[in-house]
Structures are given as C-alpha cells and as structure tokens.
1. May I ask you to list the residues in the range 63-74 that are touching a helix residue (DSSP H, G or I) at 6+ places or on another chain (Cβ under 8 Å) and either in contact (Cβ under 8 Å) with a residue 60 or more places away in the chain or open to solvent by 10 Å² or more (accessible area, probe 1.4 Å) (or both)?
2. Could you tell me which residue of the range 43-53 is farthest from residue 85 (Cα to Cα), considering only residues that are open to solvent by less than 30 Å² (accessible area, probe 1.4 Å) and either within 11 Å of the chain's Cα centre (by Cα) or free of Cβ contacts under 8 Å to residues at least 40 places away in the same chain (or both)?
Amino acid sequence: MTYSKPFPLGKYKAAFLIPLGEYGWEFEIKYFTVDILSFLIGILGLVLEESYLGIDKYIGEGIQASVIHDDEEKIEHVSFQIYGDNKKGLEEAFISSDLENSCELFFPD
C-alpha cells in the first residue's frame, strides 16, 4: 500500500491490535515492541503524518493508524481506521508479519 492524497473521508471500519499474554488478551498495560512500527511503516507503507499529545498518526492508502504512547514513550495502544475494501489487505499484512505471536488484530462488529 502506498500513500497518496486526498485521504478518503466517510465511513470506515475500526481495527485494534491487542497484546497477547500467556493466557490470551492482555487488558492490563502490556507494551508493544518496536516491531509494531516496522509493521506500520514497512509492511503497510504508512507515513507519519503528525504527532500530538502522545499520539502518532500514520496514514496510507485507505488506512490510518493511531499509535498511543505513555509518558515514557512506550507504545500502549494501536488502532486503525480502514476505508473502502482495505480490511482484507490489513489482515493479510498482519498474517505475513511476525506479530501474530505477540498480538491479535481485532475487528469489532
């Protein structure tokens, strides 16, 4: 995926990366590794658009990601806004990454 303006507006699907622990999803704070950033930038081809209040906003063709950091700059949360038919592309990129053992890609209904 590559980035080109204008960014699509309108209806989108949400997705979240949820850290996995020994027994499944971790709802207590568990930080993501920097592998998340190489996933966003390398595999998805996203570009950092802006940073504000501990949130980095990445943008690409039909997809936007928000990476939320704590006060120590560790990554706490990653969420996506997916426009158009890019859900399958995000799923395929996630499966081809090395992230499946450390987190799960979740699409709420």
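1. Step one: of the range 63-74, the residues touching a helix residue (DSSP H, G or I) at 6+ places or on another chain (Cβ under 8 Å) are 63, 65, 67.
Answer for the range 63-74, where residues must be touching a helix residue (DSSP H, G or I) at 6+ places or on another chain (Cβ under 8 Å) and either in contact (Cβ under 8 Å) with a residue 60 or more places away in the chain or open to solvent by 10 Å² or more (accessible area, probe 1.4 Å) (or both): just 63.
2. 46
The values are calculated or read from the model by the stated rules, or taken from the named source; none is laboratory data. Owing to the predicted nature of the structure, the values given are computational and were not obtained by experimental measurement. Note that we place each Cβ from the backbone using ideal geometry, even for glycine, and neighbour counts take in every protein chain shown. Please note that ligands, DNA and RNA were not included when accessible areas were found on the heavy atoms of the full protein model with its side chains. Shrake-Rupley method; radii C 1.70, N 1.55, O 1.52, S 1.80 Å.
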